[in-house]
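The values are calculated or read from the model by the stated rules, or taken from the named source; none is laboratory data. These numbers come from a predicted model, not from an experiment. Virtual Cβ from ideal backbone geometry, glycine too; neighbours counted across all protein chains shown. Accessible surface is based on the protein model in full, side chains and every heavy atom, while ligands, DNA and RNA are left aside. Shrake-Rupley method; radii C 1.70, N 1.55, O 1.52, S 1.80 Å.
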Amino acid sequence: MNENADIHGYLQQAGCCRICCLRFLKGRLDDFVDVEEALKKRDIPNGGVTDVKENASKKFRANICVACLGLLDGRLMETLLEQIVTKEALRQYDCQGFTSSVSLPIALHLRQLSLWLAVLERFPDRFNKTAFPDVTVKDAFKMILNQKLELALDKKFSVNGVMVNVNFKYANEEAELQLLEKIKPEVFVDRKAKKHCKKDFITRNAFEKHFTPASVSAELFRKYIAIPPVVQAEGLVLEQVSFTGPTVFLAGRYNKLSRELSQTPWVIDGKRKMANSVQEIMTAVVAPWFGVPPDGLIFSSSGREDVDVRCLGEGRPFVLEIPGAFKDYLTEERAADMEKAIDETLQISVKDLQLVEREELVHIKQGEEDKKKFYRALCVLKKPVTNEVVDALNINEPFVIEQWTPLRVLHRRPLLSRSRTVYSVKAFASTKNDCALVVDVVTQAGTYIKELVHSDFGRTSPSFKSIIGQEIDIHALDVMAVYLDWPKRLRR
C-alpha cells in the first residue's frame, strides 16, 4: 500500500494543485521545482493524476487550487517575476544579494485548517492535531520564488540584500474570515474589547492561537465552513510589488583628536552647543556611498568621551547602522577613501572600516560594564608634587569605588550610586610643572574619571583626593585604550 499516493490522490480530488499535494507530503525546494521527479520518488503514478481521462474531461487542473488559491500556479509566478524584473525602482539598488517578503491573505490559514481537519479524518495515523501537516503555502512559495529570482536577477539570496516586497489580496477574504465568529464567538468578543485589536478582524497570531485542530471541533467547524474547502471562481490577485533597501552595518574605530568636539550632536533646547560632532563628521562622508541622507544613520559606540576628552591609541570601536541602503557592499578602495576623507578633517581619525553582520553588534551592546578602559589624566595640585604623592598614586591592586551620579550630568541622568572597579593606578611627576603629575588609570567601563580624581565634593569614594589627603584637580584627560578586540583590525 502506497500511503503517499493515497494522500496525494485524496488532496487532488479535493481540489489541490500538485505542489499543494506535495506540501502535505513534506516536499522540499527541489520537489517544488521539479514536481514530476518528486512524484516519481514517492511512487505516485501518472504524474500525480489519479484518473487521467476523468480529470481531463472535468478540466480538473484548470480549477483554482483550494489550498493556495492559485498562488503556486506557474502563470501567477511568471507574471510576478516579470513585474519584479521590469520595475524601474529595482534598478536604483546596487546590491549584490536580495531577500524577499511576502504578504498573504489570512484566508489561506483558514483553508490550511480546513485541509488539516480533512486529512486528520481520512489519515488519522499519518497526521495529528498538534504538528502542522504541511510545508506552509508561504514557505513553499518563497522557496520557489527565491530560486527563480536568483536566476532572473543573477543575484544570490541574502538576508542582507535588497528586499523584494510582494503583497497579494483575495476578494473573498472578509466574507470567509467572518465565519470564524460563528465558530468561536468568544474570541471576537475579547478582541473587540481591546483597542489595539479593532483595526483587523483577526490577525495571523490570533488565528494561529485560537484556531487549530486541538482547539476547534471538526463537527462545529463543518457547520459553517466546508471540509475540505470548496473551489473558488477567483483566486489571489497580485496587489503590489515594492523594494526596500537593506540595513547594513559599518564598523570601525575612531580617534578623537579635538577637545572641542562632542561625540553626537549636542543640542539643548533646540540650540546647538557645538558646530560639529564625531557622528556628523563620519556620516557626512559615509552616507553618500550608500545613497541615504546623513541624518538617517544611527551611531553606536563602545562608550563615549566628554567634549573636552581626546580618544587616542587604537581608538574606540563604533558601528553605523544604515537602514534603507542602496548598496549592500563596500569596496576596499572606497573604504580607504572614506578613512582618508575623515582623517583630513583633523578632528577625528578612523580606521578598520568594514561591513559587519547584525549579530556582531553584541560586541558593542552587551557586557559594557565588564569592559576595561585605560585613561591618562593630567592632574594638578595646589603645591608641588612630592614623592609621597607619587607613591600613594601608584596602586597595583584593584580596588572598588562608590560613585554617585556626578553633579555635572545630574540634569540628564538619574541620581544613583554605582560601584566601579579601578584595576591599577600609575603616577608620574611632571618635569615641566612642579605642581602637575600624569596619572594612568585602568578602570571598569563606566567609571567617571574626573570625579575619581577630585571626588566631586565627596560623592566619589575613595578618590585620588582622599588617597593623597589634599586638593587635586584634573586639567586634561585622554582615553588611551578601550579593551575590546572588535572589529577585525585591517590597517589599510
Helix-only mean residue ellipticity at 222 nm for the chain, each DSSP H run of n ≥ 4 adding -39500 (n - 2.57), per residue, nearest 500: -9000 deg cm²/dmol
Charge dipole magnitude, Cβ of K and R +1, D and E -1 - region 401-492, Cα centre, debye nearest 20: 580 debye
Size of charge dipole - region 204-312 - debye, nearest 20, with Cβ of Lys, Arg +1 and Asp, Glu -1, no other charges: 240 debye
Mean Cβ neighbour count within 10 Å, used as a protection proxy, ranking 107-115, 170-178, 420-428 highest first: 107-115, 420-428, 170-178
Along principal axes, largest first, the alpha-carbon spread of region 231-336 in whole Å comes out as 72, 40, 22
Label GLN96 and LEU151 with points 7 Å out from Cα along Cα→Cβ: what is the distance between them in nm? 2.5 nm
Relative to the Cα centre, what is the charge dipole magnitude of the chain, using +1 at the beta carbon of each Lys and Arg, -1 at the beta carbon of each Asp and Glu, and rounding to the nearest 20 debye? 880 debye
Rg/Rg_globular for region 281-405, with Rg_globular taken as 2.2 N^0.38 Å and Rg from C-alpha atoms: 1.43
Ratio of Rg to Rh for region 69-194, alpha carbon only, Kirkwood? 1.07
Enter the angle in degrees (range 0 to 90, nearest 10) between the Cα long axis of helix 278-290 and the first principal axis of the Cα atoms of the chain, meaning the one along which they spread out most. 30 degrees
For region 273-318, take the alpha-carbon Rg, divide it by the Kirkwood Rh, and send me Rg/Rh. 0.99
Please give the contour-minus-distance gain from THR264 to ASN63: 0.36 nm per residue of separation, less the Cα-Cα distance, rounded to one decimal in nm. 66.3 nm
In whole angstrom, the spacing between the Cα centers of region 303-336 and region 255-279 equals 16 Å
Calculate how steeply helix 3-14 sits against the longest principal axis of the alpha-carbon atoms of the chain, using the helix alpha-carbon long axis, and give the answer as 0 to 90 degrees to the nearest 10. 80 degrees
Anisotropy class of region 331-398 from Cα gyration tensor, a/c 1.5 cut: oblate
By average Cβ neighbour count within 10 Å, what is the ranking of 204-210, 227-233 from highest down? 227-233, 204-210
Order by accessible surface, 1.4 Å probe, largest leading, for residues LYS148, LYS182 comes to LYS182, LYS148
Convex hull projection area averaged over all views, region 364-492, Cα basis, nm²: 9.7 nm²
Charge dipole of the chain built from unit charges on the beta carbon (Lys, Arg +1; Asp, Glu -1), centred at mean Cα; most positive-end Cα among MET338, TRP289, CYS379 is CYS379
Each residue of region 388-399 in turn: what ³J(HN,Hα) in whole Hz from Karplus with 6.51, -1.76, 1.60 and θ = phi - 60°, glycine and Pro shown as x? 5, 5, 4, 4, 5, 9, 10, 10, 9, 9, x, 9
Mean accessible area per residue over the chain (1.4 angstrom probe, all protein chains present, square angstrom) is 51 Å²
Could you order peptides 21-29, 132-140 by the average number of other Cβ atoms within 10 Å of their residues, highest first? 21-29, 132-140
Size-normalised alpha-carbon gyration radius of region 206-252, reference 2.2 N^0.38 Å: 2.16
Quick query: amide H of ILE348 versus all other amide H atoms, modeled in the peptide plane; which residues come in under 5 Å with a sequence gap of 5 or more or a different chain? LEU257
Positive-end residue of ALA107, PRO246, GLN444, charge dipole of the chain with Cβ unit charges: ALA107
Out of ASN394, GLY458, VAL409, whose Cα points farthest toward the positive end of the dipole of region 387-479 (charges: +1 Lys, Arg; -1 Asp, Glu; placed on Cβ)? VAL409
Could you check the simple spin-label distance between GLU402 and ARG122, using points 7 Å along Cα→Cβ, in nm with one decimal? 7.5 nm
Please report the orientation-averaged projected area of the chain, defined via the convex hull of its C-alpha atoms, in nm². 32.6 nm²
All other residues with a Cβ under 12 Å from the Cβ of PRO288 taken together, and with Lys, Arg as +1 and Asp, Glu as -1, what is their net charge? +1
Give the separation of the Cα centroids, region 15-48 to region 63-140, in Å. 15 Å
